[in-house]
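The values are calculated or read from the model by the stated rules, or taken from the named source; none is laboratory data. Keep in mind that what you see is a predicted model, and the values were worked out from it rather than measured. A quick note on method: Cβ atoms are made from the backbone with ideal geometry, for glycine too, and the neighbour counts reach across all protein chains shown.
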Amino acid sequence: MPDFNASLASVLATPIPQRVKVNALAGRLRVFEAVYVAPASGTAPAIADRIIWGKLPVRSRIMGHLAQLQWSTGTASCTLNLGDSIAAARHLAATAITTAGTATPNAASFAKVAVGDITNGSNTILNCRPIGAFQVGDIITVGAGVVNARITGVSGSTVTISNAATATTASLAITVTGGMFETSDDSGLVLPTGFAGTTDDCTLISTVAGAQIANNQVIRLTLPYVQD
């Protein structure tokens, strides 16, 4: 019976091996950790306010399945998500933080959301962002005009795919399934202003919804990653 190689084995078996990223070859695991403590009195983060956790390095492969968002008892109906400036819930959808608990922010560990420009008859997707959502060997599973296309190359903000697009669309919403999400753009400032640029996917952000965060509530984010 035939054997079928996973992506790493396929790369290593080629006559002229491609460069294998450190994060795919038992790279060193690093841990990002940040704690937010709401003020003891007065105004705590309200609906639509954001918690800026901090910034990961560029080319961090996020191990979301090993991560945790933890919180103490909070306000009824209050929720938090976890994402970046491009996708607010990239890592975790809005999650209730009413009673003490934990959540695993691994939404981007398999299926990754992005946008790009496609042209009818072309095998390239232009202006892809975030580019860290696209990795060679992944499959585009959602994207009108792109059907079951495998990613065959990534260069700059351009992605090459196995099947030509069947439509012309700018900023097409695309879902890519395969490897873990990798940060690619740290163009935003975190300190001292707390600003995160619109293309920044390195800054980790949570947005408050449902109700104001409770005074004295403690929320901690622990996020392992491997950097290339």
Has the stretch 172-183 got at least one residue that is out of contact with any helix residue (DSSP H, G or I) (no Cβ under 6 Å at 6 or more places or on another chain), at positive phi and at pLDDT 95 or above? no
Could you tell me whether the stretch 120-142 includes any residue that is under 29 Å from Q217 (Cβ atoms), in contact (Cβ under 8 Å) with a residue 12 or more places away in the chain, in a loop (DSSP other than H, G, I, E, B) and hydroxyl-bearing (S, T, Y)? no
A196 - would you say it is in the same structural domain as T79 (by TED's automatic domain parsing), assigned to a loop (DSSP other than H, G, I, E, B) and touching a residue at least 40 places away in the same chain (Cβ under 8 Å)? yes
Scanning the stretch 185-216 for residues that are surrounded by 21 or more Cβ atoms within 10 Å (Cβ to Cβ) and of a type in the set (S, T, N, Q), which turns out farthest from the chain's Cα centre (by Cα)? S206
Which of the residues belonging to the stretch 68-96 are touching a residue at least 24 places away in the same chain (Cβ under 8 Å), part of a loop (DSSP other than H, G, I, E, B) and closer than 24 Å to R129 by Cα? D84, S85, I86, A87, A88, R90, H91
I'm trying to understand the selection: among the residues of the stretch 32-43, which are closer than 15 Å to W71 by Cα and either of a type in the set (F, W, Y) or part of a loop (DSSP other than H, G, I, E, B) (or both)? Y36, A38, P39
